[in-house]
Amino acid sequence: MSAGIGSAYPVVAATVFTVMVERHSVASLLERELAAHGTVRPPWLALPKVHPLDAEWERGGGESHLLVWSLWLAGLSPVDAWAKALAALKPHAPIPADWAFWTLDALGLATEEAPYDHAFDDVRAKLGEVGIEVTGSPSSP
């Protein structure tokens, strides 16, 4: 039997199923987050002892929380998503310096492809322009 589209079906079906299960799980986590806090907390409040460059944000609880944040803003226009994110972040200012780059990116204010390509003083200034104060200096992971 030749390898054709039929042979890829199990992989595609498994991938679609996995995405559906993950989306359902993230939706459940979103419901719990909103029920407990009335909003989606910034990541530094969800896992306060985890540095933003720690691998925890790529798997496990950190990754789940970032997926919840993304799902919460999904489907909104860019302007509405920005306003909702800003409204969720402002009450928690001043934000820790380690989270300034993530915040810049979460608000869509990063002009470079990677938010960490910005100079920290520029990040602090850009966040200040939208009313978010940053405290301290970034640390190493």
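All of the numbers you see were taken from the coordinates with simple rules; none came from a lab. In this text, all values refer to a predicted model and were calculated from it rather than measured experimentally. No Cβ is skipped: glycine too gets one built from the backbone with ideal geometry, and neighbour counts run over all protein chains shown.
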- Multiply the residue separation of T39 and D121 by 0.36 nm, subtract the distance between their alpha-carbon atoms, and state the gained length in nm to one decimal. 26.6 nm
- Query: How many times 2.2 N^0.38 Å is the alpha carbon radius of gyration of the range 85-141?
  - Reply: 1.00
- Amide H contacts of I95 (H built 1.01 Å from N, under 5 Å, at least 5 apart or other chain): E133, V134, T135
- Item | Computed magnitude of the charge dipole of the range 7-135 (debye, nearest 20; Cβ of K, R +1, Cβ of D, E -1) | 500 debye
